[in-house]
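**Student:** Structure provided below as structure tokens; questions to follow.
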Ligand code: C2E
Ligand code: MG
Ligand code: MG
Ligand code: MG
């Protein structure tokens, strides 16, 4: 039997990865020890607010540097983490580590930065996840507004009835809620009525070559209009080219994440990027001809 992932939460960008049962078993052993061996770390990818020419926060992305397997991508190991019942344990490690890091950011002269943490559906299974988050914020003396939680729309839609109360309580704490990979889940839009999100992230699938893809343009314009109508911030994921950024900006997208601005960075590099106002301005202002 093979483990096929990519349709659910945790698998990014419509990627379909197939890991053989044997490989999965081998990974599983290593994953059970990864936390103790300090093989996990988080990298942070900046969110850029184009009008303000500043970094508004960053997404914490999990990396596994395995002694046995080398660097294993999260799209490969997160489905295994979930399948073997480690989602809560790993999720707690990620949340604690991200808060530990982000709690220091104000001391670097950077204010109002949010750290975004990806959640697995399984973490919402425990009804008191809001209490977990509250304790975590307290432990790190971190204001709730500095934390953002990312859910895929498949999770939000599939669980919108069940997680309604939990979702309300998380927002009542002051934590921001974000929809990840918007447009790629097989879902209706009705969860947008039931759950009040703060941010909507357009999946990279629609961002890639948007400046020359008619279908992507129609989809991005609709998502931006949807965000505006609902009063939800819109972020474009996976922006790699200045042309994509320029097109999206012209149509009113406010926030950007992607290799054009920055790859996911080690904590210190992330702070350096966020502090470099001139560099951020040049990325926002410089046109394609100047780049050549
Ligand atoms: P995601 O949440 O949609 O994260 C964005 C992914 O796109 C990241 O991949 C990021 O490195 C990649 N990316 C960002 N900009 C660009 C770009 O310009 N071009 C391209 N080609 N890719 C770009 P990564 O780090 O491999 O993570 C993949 C997925 O794994 C994430 O997708 C998320 O669903 C999941 N993941 C990562 N960390 C965690 C975690 O701590 N917990 C959970 N539950 N899932 C996680
Ligand atoms: Mg994505
Ligand atoms: Mg994400
Ligand atoms: Mg995403």
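**Student:** Which percent of Cα pairs goes in each bin when the distances of the stretch 68-127 are cut into 5 angstrom slices starting at zero?
**Tutor:** For the stretch 68-127, the pair-distance distribution reads 4, 16, 20, 20, 15, 12, 9, 4, 0.
**Student:** Hey, in the GNM for the chain with a 10 angstrom Cα cutoff, which one of 279, 140, 38 fluctuates hardest?
**Tutor:** 38
**Student:** Across the Cα atoms of the stretch 148-267, what radius of gyration and what greatest pairwise Cα-Cα distance (Dmax) are found, in Å?
**Tutor:** 14.5, 42
**Student:** Here's something else I'd like to know. Where does the stretch 160-203 land on Rg/Rh, using Cα atoms and the Kirkwood Rh? Don't skip to the answer; put the middle values down first.
**Tutor:** On the way: Rg = 10.7 Å, Rh = 11.1 Å.
Computed over Cα atoms, the ratio is 0.96.
**Student:** Quick one: compute the contact order of the stretch 165-292, relative version, from alpha carbon pairs under 8 angstrom and 6+ residues apart, as a percent.
**Tutor:** Details: 144 pairs, mean separation 23.9, N = 128.
About 19 percent, as a whole number.
**Student:** Got the relative contact order for the stretch 192-233 handy, in percent, Cα pairs under 8 Å and 6 or more residues apart? Write out the running numbers ahead of the final one.
**Tutor:** Working: 21 pairs, mean separation 20.5, N = 42.
Relative CO of the stretch 192-233 lands at 49 percent.
**Student:** How high is the relative contact order of the chain, in percent, counting Cα pairs under 8 Å that sit 6 or more residues apart?
**Tutor:** Rounded, it is 18 percent for the chain.
**Student:** Just the Kirkwood number for the stretch 207-269, please: inverse of mean 1/r across all distinct Cα pairs, in Å, one decimal.
**Tutor:** Values: mean 1/r = 0.0824 Å⁻¹.
About 12.1 Å, per the Kirkwood formula over Cα pairs.
**Student:** Among 224, 78, 232, which one shows the highest mean-square fluctuation when the chain is modelled as a Gaussian network with alpha-carbon springs under 10 Å?
**Tutor:** 232
**Student:** Any chance you could tell me what percent of the C-alpha pair distances in the chain go past 34 Å?
**Tutor:** On the way: 7707 of 42486 pairs.
Here the long-distance tail beyond 34 Å is 18 percent of all Cα pairs in the chain.
**Student:** Among 194, 49, 118, which one shows the highest mean-square fluctuation when the chain is modelled as a Gaussian network with alpha-carbon springs under 10 Å?
**Tutor:** The residue that fluctuates most here is 194.
**Student:** Just the number, please: Stokes-Einstein D of the stretch 14-136 in µm²/s, Kirkwood Rh from C-alpha pairs, 20 °C, 1.002 mPa s. Display every interim value, and only then the final one.
**Tutor:** On the way: Rh = 16.0 Å.
Translational diffusion coefficient: 134 µm²/s.
**Student:** Once the Cα atoms of the stretch 122-202 are picked out, what are the Rg and Dmax in Å?
**Tutor:** When restricted to the Cα atoms of the stretch 122-202, Rg and Dmax are 12.5, 38 Å.
**Student:** Could you pull the Rg and Dmax for the stretch 115-166, using just the Cα atoms, both in Å?
**Tutor:** Cα only, the stretch 115-166: 11.5, 33 Å (Rg, Dmax).
**Student:** Per 10 Å bin, what percent of the C-alpha pairs of the stretch 69-203 does each bin hold, from zero upward?
**Tutor:** Result, from short to long distances: 12, 41, 36, 11, 0 percent.
**Student:** Still on this model: Fewest first, what order do 101, 269 take by the number of other Cβ atoms within 10 Å?
**Tutor:** Working: 101 18, 269 15.
In order of increasing Cβ crowding within 10 Å: 269, 101.
Each reported figure results from applying straightforward, stated rules to the coordinates on display, with no laboratory input. Fair warning: this is a prediction, and the values are worked out from it, not measured in the lab. Because the Cβ atoms are built from the backbone with ideal geometry, glycine has one as well, and the counts that use them run over all protein chains shown.
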